[in-house]
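Take a look at the structure set out below.
The values are calculated or read from the model by the stated rules, or taken from the named source; none is laboratory data. Just so you know, these numbers come straight off a predicted model, no measurement behind them. Glycine also receives a Cβ, built like all others from the backbone with ideal geometry; neighbour counts cover every protein chain displayed. Remember, those area values only see protein heavy atoms, side chains included, never the ligands or the DNA or RNA. Shrake-Rupley method; radii C 1.70, N 1.55, O 1.52, S 1.80 Å.
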Amino acid sequence: MSEIAIDATRCGFIAILGAPNVGKSTLLNRLVGTKVSIVSPKVQTTRSRVLGIVLRGPAQIIFIDTPGIFTPRRRLDRAMVGAAWGGASDADAVLLLIDAVRGIDKDSRAIVDRLKTSGRRALLALNKIDLVPKPKLLDLASTLDAEGIFNHIYMISAATGDGVEELLGELDELVAPGPWMFPEDQVSDMPMRLLAAEITREKLFLQLHQELPYAATVETETWDDRKDGSAAIEQVIYVRRESQRAIILGHKGARIKSIGAAARLELEEILEKRVHLFLFVKVREKWEDDPERYRDWGLDFNA
Ligand code: GDP
Ligand code: MG
């Protein structure tokens, strides 16, 4: 009886590739049905590889949300791009996401070319169709179809959910027979401490302007599950300069209070318990050159 059940299961990885900001994290969260990857209107918010695990009947579909692929300059960028292509080569199938508003920009062009030279076929999803008139969408689809590397082209809106169920249904069929790799209630491989830090980082992106969030990193230092059912979490936001610290704190601490409140609300929703969140802001000039940060994010320092 149980042997039949094991034989019937299927399991596989699907890598979601795409330029920064095309909606990869939004799609992943929608597929999984809960937040596993942070989303912001700014580029390059996803720092490392994030897994989202979806169960559909006997199939376990493991999605890899990769950091947007772009031309790397700094060490951190190189590590992120390395992680993205690493995710693609490990996967059973590659789903390329293109922002239907932006069309084929330089970043998307580079990914299509690299897929071509690697001889890898992919699935294509045109995202944000809620913002684009039909004729423009069909034009874009036929231009991309001519590249000759896409097995199928989907039209979706990760934001509204339009077309996502159909996409998932077809991805489901690509997943090969095999045992599940994760327990059935697991939705991500990201440790809670890291997800909690990512949520605070997302609020930095949403509440601060311009470059500052890129200069910051967040770490969960302590996590105490208290007897009364609540959790006390201490996090440190590292910035490079004293002036950045002052901005994050805000006038009389107003900014950090508001960032903390937003992060706490979301954590309480995800954890389904009361959360006491304590945020500290510290200056560490060269946090980006610290190999330990990279290990925490699952990135390769030497990429
Ligand atoms: P990523 O960098 O590829 O992971 O992109 P994100 O998931 O962080 O999304 C980038 C921005 O696009 C965010 O502001 C999202 O809310 C927005 N977005 C994503 N998908 C859609 C969509 O289908 N329609 C619209 N209108 N916006 C979207
Ligand atoms: Mg992302």
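A few remarks follow.
- Exactly one residue among L76, L115, L96 is modelled with pLDDT of 90 or more and either crowded, with 19+ Cβ neighbours inside 10 Å or of a type in the set (F, W, Y) (or both), and that residue is L96.
- Condition check for G260: touching a residue at least 12 places away in the same chain (Cβ under 8 Å) and either in a helix (DSSP H, G or I) or in contact with a Pro (Cβ under 9 Å, 6 or more places away or on another chain) (or both): yes
- In segment 239-260, the residues that are of a type in the set (A, V, I, L, M, F, W, C) and either loosely packed, with under 13 Cβ neighbours inside 10 Å or modelled with pLDDT under 90 (or both): A254
- Qualifying position, being modelled with pLDDT of 95 or more and away from ligand 2 (no atom under 16 Å from the Cβ), among P191, P135: P135
- Flag if D189 is free of Cβ contacts under 8 Å to residues at least 12 places away in the same chain, of a type in the set (D, E, K, R) and in contact with a strand residue (DSSP E or B) (Cβ under 8 Å, 6 or more places away or on another chain): no
- The condition (being of a type in the set (A, V, I, L, M, F, W, C), open to solvent by 40 Å² or more (accessible area, probe 1.4 Å) and either within 18 Å of Q207 (Cβ to Cβ) or not assigned by TED's automatic domain parsing to the domain that holds T34 (or both)) is satisfied by just one residue among L271, L265: L265.
- Segment 22-38 - residue that is open to solvent by 20 Å² or more (accessible area, probe 1.4 Å) and either at pLDDT below 90 or away from ligand 1 (no atom under 11 Å from the Cβ) (or both) and, of those, farthest from P177 (Cα to Cα): K35
- Residues considered: K252, K227. Of these, the only one that is assigned to a loop (DSSP other than H, G, I, E, B) and of a type in the set (D, E, K, R) is K227.
- Some residue of segment 40-59 being within 11 Å of ligand 1 (Cβ to nearest atom), modelled with pLDDT of 65 or more and open to solvent by less than 50 Å² (accessible area, probe 1.4 Å): yes
- Cβ-Cβ contacts under 7 Å between residues 6 or more apart (or on different chains), taken from a first residue in segment 15-31 that is within 19 Å of R102 (Cβ to Cβ) to a second residue that is of a type in the set (K, R) and away from ligand 2 (no atom under 11 Å from the Cβ), are listed as G23/K128.
- The listed residues are A159, A141, and the only one of them that is open to solvent by less than 20 Å² (accessible area, probe 1.4 Å) and either part of a loop (DSSP other than H, G, I, E, B) or of a type in the set (G, A, S) (or both) turns out to be A141.
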